[in-house]
Number of protein chains: 2
Amino acid sequence: MRLHHIALCVPDIVPAVKWYVETLNADIAFQDETWALLDIENTSIALVLPSQHPPHMAFESLEAEKYGDLTTHRDGTASVYVQDPFGNTIEFLKPAATGATL
Amino acid sequence: MRLHHIALCVPDIVPAVKWYVETLNADIAFQDETWALLDIENTSIALVLPSQHPPHMAFESLEAEKYGDLTTHRDGTASVYVQDPFGNTIEFLKPAATGATL
């Protein structure tokens, strides 16, 4: 399975984006006041506010719905959050339909 | 920069390896009683005991020593743990010398 992103909790998005972009030589894929997505060489880092999301890992799965009811996001992806049996949070993320098979 | 692994804390390595291998279709790269390293499609997941390591992300850097004094590991890699300004732990990992340039 492919890791889509790791989500880290930070208290304020702007300084965290600055620190991670400089430290990891990351590219900003998305940023607003509540979260940001930074691309690095082999995956992405999400910076999130603790009031919005817990720290988690997100894996891409074409069968994400087998882990629970999916919530659809603005970009067409859909996902569900689950807990592993050991207290860690995992998001299973179904990619947006691309229409590539039309 | 490239993510080498994410380290998750689990209370017991054996059941955690079983769960993550099955759930993520991961391959076991290393396992002993204190930790395991599982390979997935684009990175690795380390399962660690909380008494040994904090949860962290490890990035590969040829200049890891610029972040602090490195500790050399049995496999020839060397690394240093640092805290980001927001409370997250990051390991900078210098790959083992391969002799490829001899």
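Here, each number is a calculation from the coordinates, and none is a lab measurement. Just so it is clear, the model here is predicted, and its values are computed rather than measured. Positions of Cβ are generated from backbone atoms using ideal geometry, with glycine treated the same way; all protein chains shown enter the neighbour counts.
Annotations for the structure displayed:
- Copy-to-copy label distances for B:D84, where each label lies 7 Å from Cα along Cα-to-Cβ, are 1.9 nm in order of increasing length.
- Nm distances between copies for B:A97, ranked from closest, using label points 7 Å along Cα→Cβ: 5.7
- Separation of alpha-carbon centers, segment A:38-53 and segment B:49-102, rounded to whole Å: 20
- Partner lysines for A:K66 [C-alpha distance under 16 Å; skip if fewer than 8 residues away on the same chain]: A:K94
- For A:K18, a cut-off of 16 angstrom between C-alpha atoms picks up these aspartates and glutamates, skipping any fewer than 8 places away in its own chain: A:D27, A:D32, A:E33, A:D39, B:D84.
- Computed E for B:D27/B:V82 - FRET, C-beta separation, R0 35 angstrom, nearest 0.05: 0.75
- DSSP finds beta bridges in segment B:1-55, and of those with both partners inside it, around 65 percent are antiparallel.
- Helix B:13-24 axis, angle to chain B major axis (alpha carbon atoms, nearest 10°): 90
- Under 5 Å from the amide H of A:A46 lie the amide H atoms of A:I6, A:A7, A:L8, A:L38, each residue being 5 or more positions distant or on a separate chain, with H modelled from the backbone and absent for Pro and chain starts.
- A:Y67 sits among other residues whose Cβ lies under 12 Å from its own Cβ, and their net charge, with Lys and Arg +1 and Asp and Glu -1, is -3.
- Rounded to the nearest 500, the helix-only mean residue ellipticity at 222 nm of the protein assembly as shown stands at -3500 deg cm²/dmol, with each DSSP H run of n ≥ 4 adding -39,500 (n - 2.57).
- Cβ-vector label at 7 Å, A:E65, separations to other copies in nm: 5.5
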